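Reading through the structure tokens given below for one structure.
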Amino acid sequence: MEFTNSPVCIKDLEHIASKVMHPSALSYYNSGADDEQTKLDNIAAFDKYRIHPRILRNVTAISTETTILGQQIATPLGIAPCAMHMLAHPAGELATSRAAAQHGGVMILSTLSTIALERVIAEGNSDMQYWMQLYVLSDWSITEKIVQRSERAGFKALVLTVDMPILGRRRDDIRTRFIPPPHIHLENFFDPESASNSEGAAPSTYNDVPELLLAASVAGGNPAVTWDNVIPWLKSITKLPIILKGILTAEDTKLAISYGCAGVIVSNHGGRQLDGTLASIDALPHVVEAAEDKIEVYMDGGVRKGSDIFKALALGARAVFVARPVLWGLAYDGEAGAKQALDLLQNELKLTMMLSGTRTIQEIDDSYVLEPVTQWIQSSVRRQKRANHNDIEELKSKL
Ligand SMILES: Cc1cc2nc3c(=O)[nH]c(=O)nc-3n(C[C@H](O)[C@H](O)[C@H](O)COP(=O)(O)O)c2cc1C
Ligand SMILES: CC(C)CC(=O)C(=O)O
């Protein structure tokens, strides 16, 4: 039998990335907080849910088209925001954006991108959307400028990351003393106008704050951000829909609705912030129930297979995002590698749809997934039935 060396699943891409990436960048990408319980559980938890397939349906035509925030997109699979794609490949977010454009879906760009947001979105097309991720910097006026630039550039939503009042403790980053290499710049912190105004001069960061300090202000988190100060403020400076990333509870979902947010991303930051939370897929049903279809619910964390996407959609996610798989693809082969990561997941999603008798994303509802408890109850019901059947004579004799 002949074997191919090219990756056939996301695990293969992970393996290749571990060989080609610089060790400290690799550990920054792969690390989770503390014991990494949540990081690992994000992946393992998918296995508890089982698919409940239907058969003998005509599955010759499969469509993954859907709508998100009222706009058509090619697939409910998107790219979660990740800092510093240039750590994986010199073309950084430009390569990722080109891959995303060939694929459709949504790309969420991190505030901490190594290519300016205007250049990243310029690679897009109408099959997809770009959303801009925000951290509230200690100088809020800088976040405001990034919001204004995003709106001008055509981003369709703002994704406020709400699970980082302070940076999680990622032991491997402490061990490797990770700091980004000097050739990498956080381009969104540079004022595009300062570059064009001063001929030939190096562009300056906003308010002339050193880039490293700005980065540190993000990485330090912003513990003073609250529902009451940040959401009304954001709404006063933008017309874009606001999506909260990092929601894990029904309580916060209800608050997000009451504060007028358009959506929430069920996420534990890939297990990089608070260790010991529910896996994202386990938190999803609670959030979906609390959302009562009033806002859109998305999820990220641990998605490594098309069947994971299918399960998340069946449990009520409107779209599903991946972070590390795309970064591993980028490290493997730049734009082509990032596209390969997305293609693998998209093709596996289509395969799962065909094998489970679903032809459209809209058809995938909770009748296609067995939740762990349901599964347990069902098997005990079956056991009971068998027991009752076997003992029928005995039962009769006791009548
Ligand atoms: C290397 C890396 C950098 C990240 N940077 C950001 C970021 O800048 N902003 C953010 O909101 N989330 C960030 N995240 C979290 C992801 O958006 C996402 O929530 C999580 O990684 C999804 O899990 P997955 O990696 O298992 O797909 C980052 C994750 C990784 C792995
Ligand atoms: C530098 C960090 C704040 C970026 C991030 O969100 C992450 O690494 O998880």
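What to note about this one:
- Residue match in the range 91-108 (condition: assigned by TED's automatic domain parsing to the domain that holds Tyr28 and in contact with a Pro (Cβ under 6 Å, 6 or more places away or on another chain)): yes
- Qualifying residue in the range 285-293 (condition: touching a residue at least 24 places away in the same chain (Cβ under 8 Å), closer than 29 Å to Ile55 by Cβ and not hydroxyl-bearing (Ser, Thr, Tyr)): yes
- Single residue of Ala88, Ala101, Ala95 found to be of a type in the set (A, V, I, L, M, F, W, C) and surrounded by fewer than 22 Cβ atoms within 10 Å (Cβ to Cβ): Ala101
- The C-beta contact set for the range 218-231 (first residue surrounded by fewer than 19 Cβ atoms within 10 Å (Cβ to Cβ), second residue part of a helix (DSSP H, G or I), distance under 7 angstrom, 6+ apart or interchain) comprises Trp227/Leu255.
- Whether a residue is surrounded by 15 or more Cβ atoms within 10 Å (Cβ to Cβ) and either more than 16 Å from the chain's Cα centre (by Cα) or not assigned by TED's automatic domain parsing to the domain that holds Asp300 (or both) was assessed, and Ala61 does not pass this test.
The values are calculated or read from the model by the stated rules, or taken from the named source; none is laboratory data. The structure presented is a predicted model; accordingly, all values stated were derived computationally and were not measured. Please note: Cβ atoms are built from the backbone with ideal geometry, for glycine as well, and neighbour counts cover all protein chains shown.
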